[in-house]
1. Set the Förster distance to 56 Å, then compute FRET efficiency between Cys416 and Met262 from the Cβ-Cβ distance, nearest 0.05.
2. Given R₀ = 25 Å, what would the calculated FRET efficiency be for Glu443 paired with His563, taking r from the Cβ atoms and rounding to 0.05?
3. Decide, for the stretch 1-76, between rounded, prolate and oblate: order the square roots of the alpha carbon gyration tensor eigenvalues as a ≥ b ≥ c, take rounded if a/c falls under 1.5, and otherwise choose prolate if a/b is larger than b/c, else oblate.
4. Please report Rg over Rh for the chain, where both radii come from the alpha carbon positions and Rh follows the Kirkwood definition.
5. Helix 530-599: angle to the longest alpha-carbon principal axis of the chain, degrees 0 to 90, nearest 10?
6. Work out from phi, with θ = phi - 60° and the Karplus expression 6.51 cos²θ - 1.76 cosθ + 1.60, the ³J(HN,Hα) of each residue of the stretch 640-645, listed in order in whole Hz, and give x for Gly and Pro.
7. Going down the table (Lys150/Lys316; Lys448/Lys468; Lys623/Lys648; Lys448/Lys565), which pairs top 22 Å between alpha carbons?
8. Based on the Cβ-Cβ distance from Gln200 to Thr407, what FRET efficiency comes out when R0 is 60 Å, to the nearest 0.05?
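Readers should treat all values here as calculations from the given coordinates under stated rules, not as data from a laboratory. Note that the coordinates shown come from a computational prediction; the quantities given were computed from them, not determined experimentally. Reconstructed Cβ throughout: ideal geometry from the backbone, glycine too, with neighbour counts over all protein chains shown.
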Amino acid sequence: MHAGYLPVDPKHHGALFFWHFASKYTSDKPRTVIWFNGGPGSSSLIGAWAEIGPFRFQDENTIIENNGSWHMFVNLLFVDQPVGTGFSYIDTDALIHELDEMANQFLSFLDRYIEVFPELLQNDIYLAGESFAGQYIPYIAKEILTKRSKLKLRGLLIGNGWIDPVTIYESYLPFAVANNLVKNNSVLYNDISNQLRICQRALSKEVHVFEEECYLIMNQILSDGAMNNHYTRKKKGRCVNVYDVRLDDTWPDCGRNWPPEMKYLTLYLHRQDVMSHIHVDGDKQTWTKCSDSVLATFRAYHSEPSIKLLPNLLQKIPIVLYSSEYDLICNHWATEKMMDAMTWNNRTGFDMGNGTLAPLDPWIVDNEPVGLIRTAQIDDLRNQIDQLREKLAQSQSLYNCENDRHTQVVEKLESCLTNIHKQHCQEIEQILAKKRVELNELECELEKQRERTQRFLSEKDREFEAMKKQLERSTTIIDNKISHSISDIQQTDESSPTIINELFSQNHNHHHSSSTIGGPMSPINPDNNNLLYFIQEQQLREQELTSLRKQRHELESTIRDLHNKYSFEINQLQATIEKLNDDLEHMKLSTQRNDLLTKNEHNIDYIKNVFYHYLLANDTQVKHTMANALMTILHFSTKEKAKIESQKQTNSLTSGGWFNYK
């Protein structure tokens, strides 16, 4: 268990005290009951130590287990609220007045509680309480369902609840008559009837949670009601106990003279060691079972009674209303009348829809009758169950139909997939065959082109050799002629200059008569002069040699161009052949790998095992062997193997990678 404070109004130093008791036994799911006592201003620790909590006081010094505790299978969370109640505290001038303030304040508490104990979000939550908690609980439930949907609120339990002031005030007189506290047509009966009419007139104008015009009804029953249940005559200072009309009490605290264990609880909660263990600062607040300041301040004058909230709440969560037989202040007559008149879930009260009420069934606990119970939704639930069973059968039928249809669709898709796979394989084979034919044609064309190129180059080589030989012969002839000319010149006599001058003179005259600048040179008769013939012959040879050189240069340029052109074409053809070979090999490998995955799926485990041991191996030879095995199993191409071998050599230099065998 754990206990302590959580802030809810830091501005006014307000904090709520809580005490949590974990469930004693494990149940099918975690559940938490949050308990509230009424008042307003009554501490919820009364519920913890005198009603549903795990312990009770046997006497001042003895605490015993409570066999009727609710904590057997649920967690219990007791909260002193609103601020100023029990151990909870706030500045005196900051006490709250209305029910919506109270609900918002409690939501702040829940937010802080979840921050410290987030496991509450995983619990089914039930709000439970008694008396004026009949106002607290519906307001808090509404706020949780509206603003804190993350909380799993599953239901409400209200015992002897102050829910509908109208039916409560109107129930006092008939309940007193039924329990022999007031006699019909007596003076007291008439006085109370007159006071009831005053009360009803006030309620007809506006219904408040508390109506002062109605207080005298119960006060007259308490003070003047017959006490002949125990005494033959009226005794001064005695009155009826409002919580159990079979008991009498002392005036003026009729009904507030609590059982003796309240005295033990007060002494226990005032002990310093107890307050220290539950993290209470006694200087800030001293525990009281009921706070007069909260009772006086929290009148909820502008709040709508919670009866207005119940119909909407019943559309979302179940509500249990339970009452003791002899409680007067919040008696079961009022509760039953309220439920009979309330319209909820498209019905009024417990009407079964055919003019009859839902039956009262015995309430059995531990094989002993402890009361009566009336449930309005049993037949509805049965009808709903039948409808759900019918829907379930329909859903099952639809599921079977959908499942059959799905199976057919899957089978059809599998058949289509098989056909597509076969078609794909056939198309691959056709493409491979076509590529093989194209490759053969390209190889033949390449071979022919290579032969043509070789023949062309051979022919050009022969032409070049012939030209070279011809050039050599021409050069030899010219050299020989030059030598003969030089010899002739040496044999001439000294009269040669005269002859030369004549020749030049003749040539000059001839030039003016028959030639132009840049025109063709006139032929010279070699018999006239050997030197002039030699000069003319030399010019002709030089022109011929220049022409030959130009032709050779053009031929060489043409040969280079042809060589470059056919070299480029050969390279392109070789690249095309290599690409086609790669595509062909890739297609073969893809087909082999697809066949391997399709037909030998069990080899995957073998590959996985080899690869796993390869990664774990430290020995170089083992890694090398496993790598070869993986490449063989996965049908690596020669090119892929070569790249891997190259990468291994790179990794051996850089000392990294999976193929590092060092």
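1. Numbers: r = 82 Å, r/R0 = 1.47.
Efficiency computed from Cβ-Cβ geometry: 0.10.
2. FRET efficiency, Glu443 to His563: 0.65.
3. Values: a/c = 2.19, a/b = 1.36, b/c = 1.61.
Oblate is the answer for the stretch 1-76, as a/c is 1.5 or above yet b/c matches or exceeds a/b.
4. Using Cα coordinates only, the ratio equals 1.57.
5. Orientation of helix 530-599: about 30 degrees from the principal axis.
6. Running phi through 6.51 cos²θ - 1.76 cosθ + 1.60 with θ = phi - 60° gives 5, 5, 5, 5, 5, 5 Hz.
7. Details: Lys150/Lys316 15 Å; Lys448/Lys468 30 Å; Lys623/Lys648 11 Å; Lys448/Lys565 16 Å.
Distance filter (> 22 Å) returns Lys448/Lys468.
8. After rounding to 0.05, the efficiency reads 0.25.
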